[in-house]
Every structure is written in C-alpha cells, then in structure tokens.
Amino acid sequence: MAKTIKSETDLTWKELEVGCVVSEAGNASQYKTGDWRSMRPIVDKSKCIRCGVCYIFCPDMAIRKTEENYFEADLYYCKGCGICAQECFTGCIAMVPEEE
C-alpha cells in the first residue's frame with residue numbers, strides 16, 4: 001500500500017468548519033465540481049427560445065449566457081442533475097451520457 005505524504009497545507013478533521021460550511025465568500029468558484037457527472041445537458045439551438053428558464057432553475061448556477069444570448073451549461077460546474085432539461089418547456093435540452 002502506498003504511503004501518502006502530508007503537506008503543511010493539508011487540513012486535518014480538527015481544522016474543518018463545523019458542518020462543513022462555506023466560510024469564505026466566493027470560494028466555491030475555485031473548485032471544478034462537474035468532474036463526477038454521468039449525464040450532461042445538450043442544447044438544441046433550433047428549439048431554444050432563449051427564455052432563461054434553465055438558468056433560473058439551475059441549483060448550482062452552472063448555466064451561463066453565451067454571446068448569442070443562448071443559455072448553456074458550464075461543464076466545469078454542472079453536476080448533470082437534469083433539472084434544466086426537466087424545466088425547459090420547449091424541450092430543447094437533452095441529457096446525454098457523458099461518454100458521448
């Protein structure tokens with residue numbers, strides 16, 4: 001079994017905030033949380049009316065407005081929950097397996 005070397009910057013359980021709360025404003029943007037996603041949203045721009053409903057309902061604020069005023073998922077932060085596809089009333093968002 002490989003031995004791990006602890007660096008001076010590693011935290012121990014005693015140093016964590018109680019309840020694992022976010023103690024510094026804005027620090028969530030430092031962590032790319034979409035790496036474990038198994039499904040990802042794909043937007044069919046021919047059906048999209050650029051209403052922003054997906055943006056409003058995204059629990060992770062992972063939807064961004066493009067230069068063309070479409071809304072697309074930022075895959076660095078999207079966790080693949082599918083809420084955007086469920087709430088889209090035009091049906092322009094499809095959830096596809098991450099391998100595709």
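If amide H atoms are built 1.01 Å from N in the plane of the peptide, which residues on other chains or at least 5 residues away come under 5 Å of the amide H of residue 40?
Amide H neighbours of residue 40: 96, 98.
Once the Cα gyration tensor of segment 48-100 is diagonalised, what are the square roots of 5 times its eigenvalues, in whole Å and ordered largest first, as equivalent ellipsoid semi-axes? Let's see the in-between values first.
Values: eigenvalues 50, 33, 25 Å².
Square roots of five times the eigenvalues give 16, 13, 11 Å.
Values in this text are rule-based calculations from the coordinates and carry no lab data. Quick caveat, the model's predicted, so the values are computed rather than measured.
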